[in-house]
Amino acid sequence: MLDICDVSVFYDQRSVLKNCRLHLAAGERLALMGPSGCGKTTLLRLALGLQMPDSGTVRSRFQRPAAVFQEARLLPWRTAAENVNAVLNDTRETLDEAERWLSRLSLADACRLYPSELSGGMQQRVSLARALAFQPDFLVLDEPFHGLDEALQAHTVELLLHALPHDLSILMVTHNEQEAVALGCRILRYHEGSFC
């Protein structure tokens, strides 16, 4: 469970979030929508404990958070399978499991390829596979389909939907309402410093 209560955040004396409240129950899926610069990514950072608010409180009972960002953030010196294996025991014995996660996202043929050999869409799917292999109880998605063409977005969302555990809590940022609906998210829209 995640509770964000009366949180405010300022950058250079400019208010980004103002008395923001958000509650995410176990198994719930929420999508944040709003204009660029309104504080969506800041809210994700607060939820992950990567940033502290200037005022208010953030309480999370999630034990195993994972995140996927706009950029894949893969280790360039590791293959796709090795990138996924990094969140497992990172041993030869867990490499098969890493490859199974890649297969679930239609990347069976990419296991031995390095990030530089993968398209942008493939890199994002490796990132998603890595996050899911970690077996999180809370998944944060910060526009993970940004930059993909419409057909590839739809395909990646469909693959992800089938790979997600049904009880996984999700907090995502998107500009695409169809993505949010496809993933079963309730949509919260930005309004005057908060999301409702």
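Each reported figure results from applying straightforward, stated rules to the coordinates on display, with no laboratory input. Nothing here was measured: the structure is a model prediction, and the numbers come from that model. As a convention, Cβ positions derive from the backbone with ideal geometry for all residues, glycine included, and neighbour counts pool all protein chains shown.
At-a-glance table
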item: The chain: most fluctuating residue of ALA26, ALA151, ALA110 per GNM, C-alpha cutoff 10 Å; result: ALA151
item: Centroid-to-centroid separation of the range 180-195 and the range 30-71 [C-alpha atoms, Å]; result: 13
item: In range of the label at ILE187: residues from the range 1-42 whose backbone nitrogen is under 17 Å from the point 7 Å along Cα→Cβ; result: 29-36, 40
item: Globularity ratio of the range 74-134, using Cα Rg and 2.2 N^0.38 Å; result: 0.93
item: Rg(Cα)/(2.2 N^0.38 Å) for the range 1-44, N = residue count; result: 1.23
item: The chain, helix-only ellipticity at 222 nm - DSSP H runs n ≥ 4, -39,500 (n - 2.57), divided by all residues, nearest 500; result: -9000 deg cm²/dmol
item: Relative pair counts by distance (%), Cα atoms of the chain, 10 Å bins; result: 9, 36, 33, 18, 4, 0
